[in-house]
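Heads up: the structure comes next, in structure tokens.
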Amino acid sequence: MLCQKCNQNLATIYITKVINNQQVVFNLCEKCAGEDTQVGFGYPFTINSFLSSLLDIPIEYSVKGDMLQNGQYQCGNCGLTFDEFKETGKLGCVECYTTFSNKLLPILRRIHGNAHHSGKLPQRTEGTIKVKKEIDKLRVQLNKVIKDEEYEKAAEIRDKIKSLEQNMDEAKE
């Protein structure tokens, strides 16, 4: 399908708008969608404006950067302001994560569902790593219980650790 604006390039971006309970579909190529195009929304549509709209959340948090005269906060390392980040969607340096952390965390939670990266593990090692993490947690609990002189609980936790370690050794063989 060709772009409805230029009628030359292949349409790769499809925008659906509902007007009076009827769907109106705009089929645009990347070039036309990337331009400041009035697509019947009453405001210019650009990829940057779309991405920055995801970041435009009313947040009342303080940030750790340098305060400028216009009330903006700026990264002390690279000089990036949060408004500049909202326009481009790109941070300037590693320090920006710290500078704007209070504003970035809610955005990351909104976009990704979590602000903590947990990553993926290969299936063959996933079970072993989970067991090792469980053993580490149990050892921390064991030390706390011993410190509190709760020896019966300590014996139970010790037995769980031995059982998990034995199962892990058997799985390796």
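A few remarks follow.
- Modelled FRET efficiency - R0 41 Å, Leu2 with Leu108, Cβ distances, 0.05 increments: 0.60
- Calculated from backbone phi, Karplus (6.51, -1.76, 1.60) coupling profile of the stretch 74-79 in Hz, x at Gly/Pro: 10, 5, x, 8, 10, x
- For Glu150 and Lys130, the FRET efficiency from 1/(1 + (r/R0)^6), where r spans their Cβ atoms and R0 equals 25 Å, is about 0.45.
- Measuring r between the beta carbons of Ala115 and Cys93 and using R0 = 22 Å, the FRET efficiency lands at 0.70.
FYI, it's all coordinate maths here, none of it is from the lab. Note that the structure is a prediction, hence the values are computed from the model and not measured. Backbone-built Cβ (ideal geometry, glycine too); neighbour counts: all protein chains shown.
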